[in-house]
Amino acid sequence: MERRRRRRTGGCWLLLLLGFIGVDCIDIRMDSEVYGVVGESVKLWCGFSSSDSTSELINVDWSYRSSAGGPTVTIMHYQSKPYPTLGGPFKDRVKWEGNIGHGDASILLEDLKLTDNGTFTCLVKNPPDVHGKVPQTKLTVTLQSVFFKFNTVILLSSLVFIPSGLVSVILLIRMKKAIQRDRIRSQKLKKSPIEESQDCVYDANMTTPLHRSSSTEKPPGCLMRLCQRCADDYDYDYGGDSKSLV
């Protein structure tokens with residue numbers, strides 16, 4: 001991704017002081033820094049404005065100086081049509097992307113290499129206007145985009161950690177429910193038959209509970225109520241026989 005901080009040329013105050021009244025400066029603008037990836041393409045933007053209308057006399061020169069040092073070389077010349085370099089490190093890798101009528105003198109670098117790191121200069125001339133201070137663009141080529149690496153890390157982390165987190169939460173919920181079931185089951189097993197019979201007091205017909213000792217416990221089952229009724233009938237019969245014997 002490019003950070004576009006455009007540099008503007010300075011004025012031609014020196015030429016005006018020397019008496020060149022009819023001379024104006026061409027305003028040239030470039031990106032201060034551009035980033036590219038090995039094997040891909042990158043556009044080097046160059047915009048300009050001139051007080052005179054553009055004509056066939058207008059010409060553009062793109063030059064390059066490696067960050068490792070060395071001489072400055074011309075990689076593109078434009079006058080009526082583009083003339084890319086026929087030799088050097090950018091042979092067959094420079095294309096004209098500009099539109100002179102719209103004040104655009106941009107170029108495209110293809111098949112980027114790590115050795116392309118350096119500074120690029122766009123010089124525009126439109127006689128009688130002359131250029132002032134010429135800006136430069138610094139190109140930095142990397143093996144992979146920093147933003148691509150960052151997005152890849154986020155994507156892989158999401159694919160790994162989000163499912164793991166969901167599985168952990170599900171397992172914790174199931175373990176909690178299993179522990180609660182085991183506690184309830186153990187409490188039921190520890191209760192004696194007498195305690196269970198005291199949990200609920202029924203009316204004379206043994207159909208409706210009068211009160212319960214715990215709102216969470218179920219009323220006695222059919223077997224428990226049958227045993228309790230048998231015991232009551234036995235006590236009744238035994239009491240009747242005693243009275244008859246007396």
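What follows is calculated from the coordinates using simple rules that are stated; it is not laboratory data. Just so we're clear, the structure is a prediction, and the values are computed from it rather than from any experiment. Glycine gets a Cβ as well: all are built from the backbone with ideal geometry, and neighbour counts include every protein chain shown.
A simple spin-label model places pseudo-atoms 7 Å from Cα toward Cβ; at T142 and T72 they are separated by 2.9 nm. Full extension of the segment from I154 to S41, taken as 0.36 nm per residue of separation minus the current Cα-Cα distance, would add 38.1 nm. When the P(r) of the stretch 47-140 is calculated, the portion above 16 Å amounts to 55% of the C-alpha pairs.
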